[in-house]
Amino acid sequence: MDMYKRTTVILEKEVYDALVSESLAEYNSSKAVSKVLNKIVKNALFNKGRMSELLHSKKVVKITNKEFEKFRHELSQSVWR
């Protein structure tokens, strides 16, 4: 069984240019666009799954909206000091 599947992907010019640029930076070749694209897609899919897992997992801390807003306000104040 093949580990890779060949397909055609139609990209916007700026997306293609960014992939070529990343390919040149990472692999010193513009021919590694598939490697770069695979890496980006894998990361996006993994992170999406991880985010969903975190959102739907059992929560270990309970906090009210009022407590959260107070925390957020205090945090934003400390950033601007």
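Data for the structure
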quantity: Hits in the range 37-81 (condition: of a type in the set (Gly, Ala, Ser), within 30 Å of residue 27 (Cα to Cα) and at pLDDT 85 or above); calculated: 44
quantity: Filter pass, residue 23 being modelled with pLDDT of 85 or more, of a type in the set (Ser, Thr, Tyr) and in a helix (DSSP H, G or I); calculated: yes
quantity: Any hit, the range 40-63, residues being surrounded by 12 or more Cβ atoms within 10 Å (Cβ to Cβ) and either aromatic (Phe, Trp, Tyr) or without any contact (Cβ under 8 Å) to a residue 60 or more places away in the chain (or both); calculated: yes
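The values are calculated or read from the model by the stated rules, or taken from the named source; none is laboratory data. Given the structure is predicted, the values throughout are model-derived calculations rather than measurements. Cβ sites come from the backbone with ideal geometry, for glycine too, and all protein chains shown count toward neighbours.
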